[in-house]
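All remarks here apply to the structure that follows.
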Amino acid sequence: MPDPAIQQAHGASTFRTVNACLEYRAGRLTAPEGDVELRTVLQPIFSVRHQRPVGCEALIRGRDNKGREVPAWKILDGHTPDAELRLDRLCAVLHARNFSAIAADRNWLFLNLSAAEFNLEAWADGFFVELLQGCNLAPYQIVVEILESPVAERIDLVEVIAYFRELGVLVALDDFGAGHSNFERIWRLKPDIVKLDRSLIVLADRDRAMRRSLPSIVDILHQNRCLVVAEGIETERQALNVMDAGVDLVQGFFFAHPFEISEQFLKRRINWASLQDGLQDTVGSGTLMVRGQLISHLARMYELAGYYQREGHFRDAAERLFELPGVIRCYAIDETGRQRDENVNSPRMSNHHDRRLAPLASAEGASWYTRPYFRRAKQYPGEIQISHEYLSCADASMCITLSVLVDSPNGPKVLCCDVLADAN
């Protein structure tokens, strides 16, 4: 038998009932909520590759009867489930109607849903079908954002997402990387879009290890067929970090502030060419090491290649590289990826080795065939390759490897030089 409380909540929250509450004030569509006037602001979301806005996230703003701003958390907090459902739908209709008045049919509207939409099984009552029809929006224009937080045990989010997907609506998992985030939820829920929480972006800006990890996180999400949004981008450095990590979409004050329908859409022009130049001047995913810092290393590496090609002697030429900062070791790899001789180690780095990793220290006979720097060197003979940062198994240091394939009296060899990633 239907729950009377649910039926009553649904009756107060139908599209027609909620839509009737909206009214125009000062030329814009608003929604009264007690003594607070609710209004829509939209924050643009940009495609990194298309270098243009492709949608907006709808955010609620409020103003009391004395003209004072009311923060969003205060508007949305502390409601009973049925009141939360009604308010959530009031915001959704307000946002959808405002968005439809200005948006092109290829733009997305990101809508945040409250837990009440699931706890009252409200997603199945036809509200969203009526919302789309009543606001003249196509299903593919809507991206439903689900907060990355626990929901009631009786709620099957897989079923909810399947419902939205059947409607033709995209589903985004919000705030990934904060609180209850884990990859198990990604694999189970299979969202179309994942929004990285701002805490990840800030941590990557401050912590080199996190910056190195960010591309791997993005790659795992891509492998699960999720588009990735980095939100909360406030500085150029943060923008470069996430673009270097391979995110698809970006959002934040650096790109555009939230705007009201009556305001100018973009108050500042984004210099995409400058951002692209910044990326081209860096080395390795997640490192933001400036390529110019390696100019001396590259020049010496070409000298080493030329000397080895003529003389076939490796050690004497390699030792000249040790005059440069951060050089850990040099070594040669044959065409099969096998290292036949021991490393030539920098004497200045003798205290760098961790004795606990002694079983991995000897490289004679090791195979480096799977290393990208070896494969790329073979693919482009005579051209020095610069690897991404990676963890060296020899001493657990983060390093960058310069590699080049040369012919010599001893046959073709890939010459390698490891440089500490933190040295520059």
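The table that follows gives values for the structure above.
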{"quantity": "Matching helices (runs of 4 or more DSSP H) fully within the range 26-125 where at least 2 residues are modelled with pLDDT of 90 or more", "calculated": "81-102"}
{"quantity": "Top-ranked residue of the range 362-375 - restricted to ones that are over 12 Å from GLN339 (Cα atoms) and surrounded by 17 or more Cβ atoms within 10 Å (Cβ to Cβ), ranked as modelled with the highest pLDDT", "calculated": "TYR373"}
{"quantity": "Test for VAL160: is it β-branched (Val, Ile, Thr), farther than 23 Å from SER47 by Cβ and over 12 Å from the mean Cα position of the chain (by Cα)", "calculated": "yes"}
{"quantity": "Residue count, the range 304-337 (criterion: in contact with a helix residue (DSSP H, G or I) (Cβ under 7 Å, 6 or more places away or on another chain) and of a type in the set (D, E, K, R))", "calculated": "1"}
{"quantity": "Search result, residues across the range 163-179 that are part of a strand (DSSP E or B) and within 13 Å of VAL143 (Cα to Cα)", "calculated": "LEU170, VAL171, ALA172, LEU173, ASP174"}
{"quantity": "Qualifying positions in the range 398-424 - of a type in the set (Gly, Ala, Ser) and surrounded by fewer than 20 Cβ atoms within 10 Å (Cβ to Cβ)", "calculated": "SER408, GLY411, ALA423"}
{"quantity": "Cross-chain or 6+ apart pairs with Cβ under 7 Å, the range 296-323 first and under 16 Å from PRO381 (Cα atoms), then among the β-branched types (Val, Ile, Thr)", "calculated": "LEU298/ILE384; MET301/ILE384; MET301/VAL404; TYR302/ILE384; ALA305/VAL404; ALA305/VAL406; TYR308/VAL406; GLN309/VAL406"}
{"quantity": "Any hit, the range 319-329, residues being in contact with an Asp or Glu (Cβ under 6 Å, 6 or more places away or on another chain) and surrounded by 20 or more Cβ atoms within 10 Å (Cβ to Cβ)", "calculated": "yes"}
{"quantity": "Restricting the range 266-295 to residues that are assigned to a loop (DSSP other than H, G, I, E, B) and under 20 Å from LEU203 (Cα atoms), the residue that is modelled with the lowest pLDDT", "calculated": "LEU288"}
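The values are calculated or read from the model by the stated rules, or taken from the named source; none is laboratory data. What you see is a predicted model; the values in this text were computed from it and never measured. All Cβ positions, even for glycine, are placed from backbone atoms using ideal geometry, and neighbour counts span all protein chains on display.
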